[in-house]
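The values are calculated or read from the model by the stated rules, or taken from the named source; none is laboratory data. Quick caveat: nothing in here was measured; it's all calculated off a predicted structure. All Cβ positions, glycine included, derive from the backbone under ideal geometry; neighbour counts span all protein chains shown. Side chains included, ligands, DNA and RNA excluded: accessible areas come from the protein's heavy atoms. Shrake-Rupley method; radii C 1.70, N 1.55, O 1.52, S 1.80 Å.
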Amino acid sequence: MRFTLMNKKALLLLALFTLIGFSLIGVLVMYIFHPSKLELILDHGMPWHLQILIGLAYGTLTGWTARSLIASDFMTPVREKYAGLLGNISLSPVEIIFISLCAGIGEEMLFRAALQPLLGLWFTSILFVALHGYLSPNDLRLSAYGVALTVVIAGIGVLFITCGIITAMVSHAMIDIILLFMMDDEADTPRHSTE
């Protein structure tokens, strides 16, 4: 599958929609279902600088762990499938960071700040991973990754409760940065024929 410049533009617009749209939906859900906690959810936890440090640490640790799992021989078909989705898009470091920050902020506003208080830690984590397509009864490798990712996402949920929303956002963004750099490198690596 080949992507064109238009597809790259669409990917960046999708990231922007995730940032703005998911954040607004999250705030709306919070306003409707727990308005008295809206400010508390957005302002609770540790000081922002500690939240950033903890988020960077957790995101880096789990991102590199996920990267190691994906880089294993067992996960080769999954890795190649997702790298193939990038086609010949070559994302710049700024674009990777932009996409990752958009996902980290927007998705955590919706899933962590808005839905987790309503649905609970584990259901929200499983829902998040399932909606991303990582839990598939037809693909053992992908589901194995999905189960591991569910634990990582639940960890982000715990960090939201104990540290604050900034920690969750930074953790999520850091994981995405590590994995997007890996997938971008994989997409750029020429495939060698075994013939």
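W122 falls short on exactly one of the conditions (1) outside any helix (DSSP H, G or I); (2) modelled with pLDDT of 95 or more, and that condition is (1).
Considering only the stretch 157-172, state which residues are among the polar types (S, T, N, Q), open to solvent by less than 10 Å² (accessible area, probe 1.4 Å) and either farther than 19 Å from H132 by Cβ or assigned to a loop (DSSP other than H, G, I, E, B) (or both). Within the stretch 157-172, just T167 meets the criteria.
Among the residues that make up the stretch 61-84, is at least one of them outside any helix (DSSP H, G or I), within 13 Å of the chain's Cα centre (by Cα) and without any contact (Cβ under 8 Å) to a residue 40 or more places away in the chain? Looking for residues that are outside any helix (DSSP H, G or I), within 13 Å of the chain's Cα centre (by Cα) and without any contact (Cβ under 8 Å) to a residue 40 or more places away in the chain, one finds none in the stretch 61-84, hence no. Condition check for G146 on (1) touching a helix residue (DSSP H, G or I) at 6+ places or on another chain (Cβ under 7 Å); (2) touching a residue at least 40 places away in the same chain (Cβ under 8 Å): one failure, at (2).
Inspection of the stretch 139-146 finds a residue satisfying the criterion of being outside any helix (DSSP H, G or I) and either open to solvent by less than 60 Å² (accessible area, probe 1.4 Å) or among the small types (G, A, S) (or both). For the stretch 22-41, filtered to residues that are open to solvent by less than 100 Å² (accessible area, probe 1.4 Å) and not aliphatic (A, V, I, L, M), the residue that is modelled with the lowest pLDDT is P35.
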